[in-house]
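Read the structure below first, then the notes.
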Amino acid sequence: MARPEFRRSQGVVPFGVGAIIDFPDESLMAAGLDAWTIEMQPEAAAYLKEATCLSEPRLQARLSHELGKDVSGLYMPPEAPELSARGFSGLNGPVITAHTPFVRFPNWHFCPRCRSMQYVPWNSPSNAKNEDLRCKNSKFRRQAKSNTQPCSALPLNRRPRLVPVRFIVACAHGHISDFPWSKWAHGDKKECGHEPGTLFLVSTGGAGLEGIKVECSKCGSYRTMKGAFNPSTFLESTGLSCSGERPWLGPQAQEPNCQDSVQVVQRGASNVYFPYVVSSILIPPYSETLHRILDNQSIWNEICDVLDNIRVNGEPVISANMFASKAKKYGIEAEVFAAAITEKYLHPEVWSGTAEQTESAYRYTERQAFLGPRPAPTERDEFDIKKTKISDYSYVVRDYFSEVVLIPRLRETRALVGFSRVTPYDGDLSRLAALSKKELSWLPAVSSNGEGIYLELSENKLSIWERTHSDIAERIDLINDKWARVCSERGTEFRPYSSRLLLAHTLSHLIIRQLSFDCGYDSSTLKERLYVSNDVDRNMCGILIYTAGGDSEGSLGGLVRQGESGNLETTILAAVKNAEFCASDPLCLESEGQGYYGLNLAACHACTLLPETACELGNRVLDRALIVGSEANPQGGYFSDLIHA
C-alpha cells in the first residue's frame, strides 16, 4: 500500500520503518526496507539509488564500525510520483520516483455503528471500494429494532468505515502485535470458538478503562479493559508472552522465543516507537567538491569498474589520462582527480577517516572543524563558518565562554539504524528491532541544510566552578544513582554522567527556549548537539545550536544574526534570568528526581524541557540549579554571579 499524504523526510524521523502512522480514517505501519523499491525492483534500483543517494563517508564509516558490518550506502526515502487527476501518473525514462510501502496495523478494527470487531488483513489496500474496510457484520449484539438493518445489508458506500482499535501489545525488543481480544473477553473460560462478527467493543459509560468493554455475543463472556495495562494482570488473564511478531516485515517474520514480557500500550502513545537515529554534521574535507563527487556511490562504482579491469601484474593502473574527461566534466584538474582516486581506492581508511570511531573522537573532529580555518570560497556550499573574537562580546559572554563560532551554512545527515519500543534505546544493539529481514548494506537517511551557533564554555571558569562548589557532585550523584539502577535492571553498561554534561545540556535547553522568543523560531525547528568530553586529549565542553529542516525555515540567517555581538548577550542573559524562576517552584527547584526514571532534578516542562525532536538525550539529565544555583546554595550555579551582579 502507498499513500500520497507522506512527507519524504518523515520516512526516517519520526515515522521511520516500524512506526505507526495515523492517516485519516486508518492506521498504517511503515514497512521494512525489503519492501522498498530499490530492493523489490532491481531494474529500477540503479536509477533510484543515484537519485536518493546521500554522500556522508564519515557517518558511513562510523556506522560500519558501530554495527560491525559494511554500510556502503545511505539512501533517502524516494520521492513520490507526480499526482495527476486520475491518480499517480506514469513517467517516461529512468525510474527516479517510487511509492513508500506500508502495512496495515493494527489489524483489529471495530464498526462505530454496530460496535462489532472485525479483522482486516495486513495487506488490504487503501481505497474507497475495498470491502475489507467497510463493516460487513450481519449480526447484532442484542436484539435490534425491527426496522434496523445490519451493516451488511446497507449499500457499500453507506456502510460505516471500520476504525482501528486503540490497544496493542509490545515488548522492549521492538515486537508488536494485536491485543488478544478473544482471550481477554473469555478470561479463565475456554474460548467458545466464536465466529466473525461475534466480538463487540462497547462503552459502558464508566470512567477510564472500566468504561470500555469487549464482549462475545455467542457465549455472553465479557470483560472491561480495567487492569489490561498491568503486565502481571495481563499475563495472568491471557497466559500470553511475547509472540515475536514483526508486522513491518510481513506476516511470516516472527522471532520465536522472545523472553521479554509484553506491555499493553495505546496505538498513539509515545512509547510505541523509539527510533535510534545517528546524526552527523558534514565537515571538511568531506564537504569539499572532490569528496562529494568520489563519495557518490554510482560515480565511484563506474571508476571501480575501470580500475578492476585494467591491471598490470595484478596491480591497478591509475593515471591522469584515464579519467581526464571525467575530471573535465566536474571542473577538476586531471592530476588532482587521479591522486584522489588513488587515495580512495588504495587507502580507503585514510580517505574516510576511520582511524577512530568512538563518540568523543567523532564529535571532537566536528568541534575542530568549527574552530579551524574557514573553507575556501569555492567549498562553502555545505559548510561555512564565521569566526568571532570573544573580546568583542560583553562580560555576559566573554566571562563564561571561550569560543563563539557562527555557522552560516551546515548540512546534517540523520540515519535510522533501528528502533525499540516501550523503553528508549539504551546502547544495547541487541535490543534494537531490525529494519529488514535480510541483512542489507545500506540504511535509510535524510539530509537537510541549515545554520547554527557553536558556543564553548570557558575551561578556566569551569574548573573554578567545579572546585568551589562541593554540592555539584552531590546533585550529579543523585542522578547517577538512579541511572545505575536503571542500567542494572536492564542489564546494560553503566556510564555515569558528568557535571559538565549536565551543565551544557541544561544551558542548551534554556538558550533554545529563549531563541524561540528572540528570533521567531519554533523550538521544534531548533536542535542541540553536545560536545562534552573529559578525555585528556579531547577535553571539550561546547554546544551547537542549529536549525536543519526540510523547509526554508532556519536557512535565511536569523540564527547566525542572533549570535553576533550585541544580540547574543541579550539572549544569554534572558535565558539565565528566566531559569531563575519556574511556575512549579518550589517543587521543581527542590525536586530530587522527576521525569523519566527521575533523571531530571530542577527541570520540568514549565522551565526547561523541549520538544523531543530538539533534544539529544530525550529530555533527560537536566538541572537548572547548575545554572542559577539551588535553594541551599544560591551561588552554586555556573551563572549565579551573573544573576546577582
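The values are calculated or read from the model by the stated rules, or taken from the named source; none is laboratory data. For clarity, every value in this text was computed on a predicted model and none was experimentally measured. Backbone-built Cβ (ideal geometry, glycine too); neighbour counts: all protein chains shown. These accessible areas exclude ligands, DNA and RNA; they are computed on the full protein's heavy atoms, side chains included. Shrake-Rupley method; radii C 1.70, N 1.55, O 1.52, S 1.80 Å.
If a/c stays under 1.5 just call it rounded; otherwise compare a/b with b/c (prolate if a/b is bigger, oblate if not). Do that for the chain, with a ≥ b ≥ c from the square roots of the Cα gyration tensor eigenvalues. Oblate is the answer for the chain, as a/c is 1.5 or above yet b/c matches or exceeds a/b. For chymotrypsin sites (Phe, Trp or Tyr not before Pro), the sites in the stretch 440-501 that DSSP calls loop and that have at most 16 other Cβ atoms within 10 Å are Phe494.
Would you compute, from DSSP H runs of 4+ residues alone, the mean residue ellipticity of the chain at 222 nm, taking -39500 (n - 2.57) per run and dividing by the full residue count, rounded to the nearest 500? Provide the component values of the computation, followed by the final result.
On the way: 19 runs with 174 residues, N = 645.
One gets -7500 deg cm²/dmol as the mean residue ellipticity at 222 nm.
Taking only the Cα atoms of the stretch 470-618, the ratio Rg/Rh comes out at 0.99, with Rh defined as the Kirkwood radius.
If only the Cβ of Lys and Arg carry +1 and only the Cβ of Asp and Glu carry -1, the dipole of the chain around its Cα centre is close to 3120 debye. On the beta carbon distance between Ser565 and Glu359, with R0 = 56 Å, the FRET formula returns roughly 0.95. Loop-located GluC sites (Glu not before Pro) in the stretch 404-458 (DSSP state other than H, G, I, E, B) with a sparse environment of at most 14 neighbouring Cβ atoms within 10 Å: Glu439.
Positive-end ranking of His469, Ser394, Cys615 along the dipole of the chain, with charges on Cβ about the Cα centre, is headed by Cys615. Does the stretch 373-441 come out rounded, prolate or oblate by the C-alpha gyration tensor, with a ≥ b ≥ c the root eigenvalues, rounded set by a/c under 1.5 and, if not, prolate when a/b is larger than b/c and oblate if not? Judged from the Cα gyration tensor, the stretch 373-441 comes out oblate (a/c at least 1.5, b/c at or above a/b).
At 0.36 nm per residue, and after removing the present C-alpha to C-alpha distance, how many nm does the segment from Ile96 to Gln266 gain when stretched out fully?
Values: separation 170, 0.36 × 170 = 61.20 nm, distance 3.72 nm.
Net length gain for the segment: 57.5 nm.
Taking a ≥ b ≥ c as the square roots of the eigenvalues of the Cα gyration tensor, an a/c ratio of 1.5 or more together with a/b no larger than b/c marks the stretch 397-478 as oblate. Label separation (Leu478 vs Gln368): 3.9 nm, computed from points 7 Å beyond Cα along the C-beta direction.
Probing with 1.4 Å while keeping every protein chain in the model, the per residue accessible area of the stretch 474-576 equals 39 Å². Remark: spin-label model distance Asp426-Asp537 equals 3.2 nm, labels positioned 7 Å along the Cα→Cβ axis.
In order along the stretch 257-271, the Karplus-derived 3J(HN,Hα) couplings, from 6.51 cos²θ - 1.76 cosθ + 1.60 at θ = phi - 60°, round to 6, 6, 8, 6, 6, 9, 10, 6, 9, 8, 3, x, 5, 5, 8 Hz, and Gly and Pro are given as x. When a 1.4 Å probe is rolled over the protein heavy atoms, the share of accessible surface on the stretch 376-467 that falls to carbon and sulfur comes to 46 percent. Toward the positive end of the charge dipole of the stretch 221-304, with +1 on the Cβ of Lys and Arg and -1 on the Cβ of Asp and Glu, the farthest Cα among Ser261, Asn230, Tyr276 is that of Asn230. For trypsin sites (Lys or Arg not before Pro), the sites in the stretch 361-402 that DSSP calls loop and that have at most 13 other Cβ atoms within 10 Å are Lys389. Size check on the stretch 142-284: the Cα extents along the three principal axes, sorted descending, read 77, 40, 35 Å. In this simple spin-label approximation, Ile464 and Asp22 carry label points 7 Å from Cα along the Cα→Cβ vector, and these lie 5.2 nm apart.
What ranking, highest mean first, results for peptides 161-174, 297-310 when packing means the other Cβ atoms within 10 Å averaged over each residue?
Working: 161-174: 21.6, 297-310: 13.9.
Highest-to-lowest ranking by the protection proxy: 161-174, 297-310.
Sequentially through the stretch 320-333, phi angles give Karplus couplings (6.51, -1.76, 1.60; θ = phi - 60°) of 5, 5, 4, 10, 4, 5, 5, 5, 5, 4, 9, x, 10, 4 Hz, Gly and Pro residues having no value and appearing as x. For the stretch 234-342, carbon and sulfur atoms together expose 47% of the accessible surface, with a 1.4 angstrom probe and every protein chain in place. Rounded to 0.05, the FRET efficiency of the Asn296 and Leu587 pair, given R0 = 60 Å and the Cβ-Cβ distance, is 0.65. Hey, can you find the accessible area per residue of the stretch 29-72 for me, probe 1.4 Å, expressed in square angstrom? I get 39 Å² per residue for the stretch 29-72.
The gain in end-to-end length when the Ser488 to Glu335 segment is fully stretched comes to 49.4 nm, 0.36 nm per residue minus the alpha carbon separation.
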